Every structure is written in structure tokens, then in C-alpha cells.
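**Student:** Supplied in C-alpha cells, the structure appears directly below.
The values are calculated or read from the model by the stated rules, or taken from the named source; none is laboratory data. Because the structure is a prediction, the values reported are computed rather than measured. Every residue, glycine among them, receives a Cβ derived from its backbone with ideal geometry; neighbour counts consider all protein chains shown. Side chains are part of the model used for accessible areas, which takes the heavy atoms of the whole protein and leaves out ligands, DNA and RNA. Shrake-Rupley method; radii C 1.70, N 1.55, O 1.52, S 1.80 Å.
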Amino acid sequence: MKATPLSNCERRFLLRAIQEKKRLDGRQCYDYRNIRVSFGADRGCCIVELGRTRVLAQVSCELVPPKPNRPTEGVLFFNLELSPMAAPGLEPGRQSELLVSLNRLLERCLRDSKCIDTESLCVVAGEKVWQIRLDMHLLNHDGNITDAASIAGIVALCHFRRPDVSVQGEEVTVYTPEERDPVPLSIHHMPICVSFAFFHQGTYLLVDPTEREERVMDGLLVIAMNKHHEICTIQSSGVVMLLQDQILRCSKITAVKVGEITELIQKALENDQKARKEGGKFGFAESIPNQRITAFKMESAAVDTNDVEEQAGEIIAKADPPSEVFANPVLHTPGTAQIGEGIESSWGDLEESEKEEAAEEEDESEAAAFECEKVETEGTSTLRETKSDEPVVLSDSEEEEVVILEPQELPRKTRTQTSSKQENPSKKAFNKRRRKKRTH
């Protein structure tokens, strides 16, 4: 599934906002989004959130033979996976250009910078060394995957603990965490990537671009640096040519941002270590209740209750005096009662109107009965005038069937006709009552 392209209106709007030094999320040009680090229950597992970009990192280890050309050094393996769960434009199981460039950049940042002491991972020279594997998964893509992945990778490596081992002759013993405390990795420094997006051929510069800003940018510059102001790697991509002054300016901004992020990572690691030592709650399950999906959520505000009595007294003093209170109930009509001021009850009037409607219904029913009796008498008189020997023809048309009835069956037919006539006055009376109720 391809990603939804930006329309020309959105593109022009973003570029115009950047020219006016404004961003969609309200940040300044050199501001980072909020960074949040949460750790799992196991060592070496963490989730880093850079705004709405989320990356999960997991570190694992195993004993493997070393490389022939480096028999005393451990093996480092880094892998970043992009899945459609993060963005619909990402395809599973396919090495896209974006994925290849990100993996190469992370390898240069973490492996080539020598941030991890690989010689400390050697168990038996030329036979067994530790292989450290770092797997990163992009959970949600909202721009600047490089920075989020680099932070997640270095945090997971600092948080990881490998099992302790002992060597006796040719026998290698791996101890469980219950037998011996796991050993942390030997990390010399923490390289962190900082991304810069350029617009209008390098005229405008933004730090930590979002996904929409990445679509309209002309070029991207990534600088990996540690807190000692040492540049670990640098990469430029796009169609923009950068000057020396621009790169130096970006390096100064990177030094400030890396110092802030490193301090944040150290505090997060210290808090997690403290929670594990004290036996408190830790892991992803502890952070889930603080991220409840609620509607109309409001932050809790402190309520000052010191001057409640004084405020209540002022409100009572400013209020209008109460009206006269009726001690005894007022009886307007039988069956009703009222306390306080108000309008008299109209229940009695309603009863009179109901009596009038009942009287009108009785008159209408009597008139209908009288009409029915009149119709019956007329029918019997017509029957007496007919001769007893002559048959009655109801229809003499050529097309319809001629029905001949005996004189004895005629009264039944007339009665059915009179009953249908009797129903018509009752319907009229019902419609009349409905019209009266609507007018009331």
C-alpha cells in the first residue's frame, strides 16, 4: 500500500509556514519533540517515543566463535525493521532504500564509533566470544526515524546485562541471574544522532523534522555526536549543497541537543535501577495506566479551601432576601394543595371540559343509533313491497355474473348494508373528538 501523497495545497502551506518560521505542532525551528523512555521487565528492552514516533529496542546475546581476523573481539549485530504497522507506505520483508540507509547509518554510529568495548566480550580467544544483537522495530512513524532509533539503541545497550561466565581449563560455565549478578556492557560513550532538514536550497533549517516536513524538504543532514563534542559520523542527503558555515552551525546545535538527551537517558536509567533495587513496580505494565485513552481528559487542579467560609458569607450577603413563606398550605380547589407562590391549579377546569366532551359523545351516539333504526325501517318496507315469487337481480351487466337470491336471504344483505352505514357516523364522531383535542 502506497503512502498518501501530499496535495499541492498542503505542500504550499507547509513551505509558507516554514518561511514564516512556524511549525504545525507549535515548536520553534531548533526545538525537539518530547522524548519519553520506558523500560520493559527484562534487561535490554525499552521503548523510546520521540513525539509520536515510537521505536522498540531489544538486546540479546549468545556465545559464538569469533571472526578469524579478530579472534579476541566480540561480534556486534544491528538490525532495524520497518513494518506496515508503523506507516501504510512501508512494505514488509522488503529492503527499501530507506531501510538500507538507516541500517548503514546506525552501524556507523554504534559500531564504527567504538562506543562498545568489543574486547571485553571475549570469553576464550579464538574459540568463544559474546555476540550482542540489537533488534529495533518501528512501531509508529511520524518522522525522524534516525534520531529515535539511535536513542533507543544506545539506551537498550546501556540497560542490557549479559550473563556472567567462568572458564576452568576448556570448560566454560554460564551462570544464571540467580547464581550470579549479570554483567553490564562496557560502554565508553553514547553517540546520539541529530537530524536537520533544509528547505528552499538551504535557506531555512529545522531540527527534528516530522513526517510531513520530511516530504517537502530539499535535503537532510544527520550528525552523530557524544556529550564530549566528538563527531562520530555525519551524513548528508538530498539535492541541497551545504556550506561550511551551515555545517558548523549545525554541529554547535548538535552539541547542545546531545548534552540534553544524554542527561535525560542517564536519569531514566537511574530511576529504573532504583525501582528494581527497591522492589517497586517497573516495566511497560507500570507505564500503561498513565496512558489511558479517555475523552475530555482534564488535568487535576488543586482547590484552595482556606477562604470557603468567607466566600460563602459574602455570597449569602449579596443574595436577595428570601420571599414570604407560606406556613400553611393554600387550598384552591378540593383535592389540590399548594405551598408558596404560584398559579392556581386548573384541574377543575379540565374536569369540566372532560364532562362536556362526554356529553357530546353521548349525543352523537344517540343520533347514530337513530339513523340506523331509520335505515332498518326503510329496508323492511321495501322488502314488503316486493312479491314473494319474483327473484331479485343484483347485477344485470353482461360482463359480471348474475346472482339470483331468494326473497328469504334479502334481509341479511340489507342488514350488512345498514351495519356499514352505521360505522360511518361512528367514524365521524371519532374524527370530531380528535379535532377538538388538538384545538385544546
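**Student:** Checking LEU99 against (1) free of Cβ contacts under 8 Å to residues at least 40 places away in the same chain; (2) more than 20 Å from PRO184 (Cβ to Cβ); (3) open to solvent by 20 Å² or more (accessible area, probe 1.4 Å), which test does it fail?
**Tutor:** Of everything listed in (1) free of Cβ contacts under 8 Å to residues at least 40 places away in the same chain; (2) more than 20 Å from PRO184 (Cβ to Cβ); (3) open to solvent by 20 Å² or more (accessible area, probe 1.4 Å), LEU99 misses just condition (3).
**Student:** When only residues in the range 129-151 that are of a type in the set (S, T, N, Q) and out of contact with any Asp or Glu (no Cβ under 8 Å at 6 or more places or on another chain) count, which is modelled with the lowest pLDDT? Working first, answer last.
**Tutor:** Here is the first cut: in the range 129-151, the residues of a type in the set (S, T, N, Q) are 131, 140, 144, 146, 150.
Next, from what is left, pick out any that are out of contact with any Asp or Glu (no Cβ under 8 Å at 6 or more places or on another chain): 140, 146, 150.
On the way: ASN140: 91, THR146: 94, SER150: 94.
By that ranking, first place goes to ASN140.
**Student:** Residue under question is PRO184, and the condition is that it be exposed (fewer than 15 other Cβ atoms within 10 Å of the Cβ) and at pLDDT 90 or above; does it hold? Give the steps one after another, and end with the answer.
**Tutor:** Values: exposed (fewer than 15 other Cβ atoms within 10 Å of the Cβ): yes; at pLDDT 90 or above: yes.
It is true that PRO184 is exposed (fewer than 15 other Cβ atoms within 10 Å of the Cβ) and at pLDDT 90 or above.
**Student:** Could you give every pair whose Cβ atoms fall below 7 Å, whose first residue belongs to the range 262-274 and is in contact (Cβ under 8 Å) with a residue 60 or more places away in the chain and more than 13 Å from SER38 (Cβ to Cβ), and whose second residue is open to solvent by less than 100 Å² (accessible area, probe 1.4 Å) and not polar (S, T, N, Q), counting only separations of at least 6 or pairs across chains?
**Tutor:** Every condition considered, the pairs that remain are THR262/MET190; THR262/ILE192.
**Student:** Across the range 219-235, what is the total count of residues that are surrounded by fewer than 16 Cβ atoms within 10 Å (Cβ to Cβ) and in contact with a strand residue (DSSP E or B) (Cβ under 6 Å, 6 or more places away or on another chain)? Give the steps one after another, and end with the answer.
**Tutor:** Filtering the range 219-235 for residues surrounded by fewer than 16 Cβ atoms within 10 Å (Cβ to Cβ) gives 228-231.
Filter once more, so that each one left must be in contact with a strand residue (DSSP E or B) (Cβ under 6 Å, 6 or more places away or on another chain): 231.
The number of residues fulfilling the criteria is 1.
**Student:** Pick from ARG23, ARG43, ARG36, ARG27: which is surrounded by 13 or more Cβ atoms within 10 Å (Cβ to Cβ), of a type outside the set (Phe, Trp, Tyr), closer than 30 Å to VAL183 by Cα and out of contact with any His (no Cβ under 9 Å at 6 or more places or on another chain)? First the steps, then the outcome.
**Tutor:** Values: ARG23 fails: closer than 30 Å to VAL183 by Cα; ARG43 fails: out of contact with any His (no Cβ under 9 Å at 6 or more places or on another chain); ARG27 fails: closer than 30 Å to VAL183 by Cα.
Only one candidate qualifies: ARG36.
**Student:** Somewhere in the range 248-258, is a residue in contact (Cβ under 8 Å) with a residue 60 or more places away in the chain and either touching a Cys at 6+ places or on another chain (Cβ under 7 Å) or assigned to a strand (DSSP E or B) (or both)?
**Tutor:** No, that holds for no residue.
**Student:** On to the next question. How many residues are surrounded by 12 or more Cβ atoms within 10 Å (Cβ to Cβ) and either among the basic types (Lys, Arg) or at pLDDT below 90 (or both) if we restrict to the range 242-270?
**Tutor:** 3
**Student:** Still on this model: For residues that are of a type in the set (Gly, Ala, Ser), over 27 Å from the mean Cα position of the chain (by Cα) and part of a loop (DSSP other than H, G, I, E, B), tally how many sit in the range 1-32.
**Tutor:** Taking the range 1-32 first, the residues of a type in the set (Gly, Ala, Ser) are 3, 7, 17, 26.
From the residues that got through so far, the ones that are over 27 Å from the mean Cα position of the chain (by Cα) too are 17.
Within this subset, residues satisfying the condition of being part of a loop (DSSP other than H, G, I, E, B) are none.
Here the count works out to 0.
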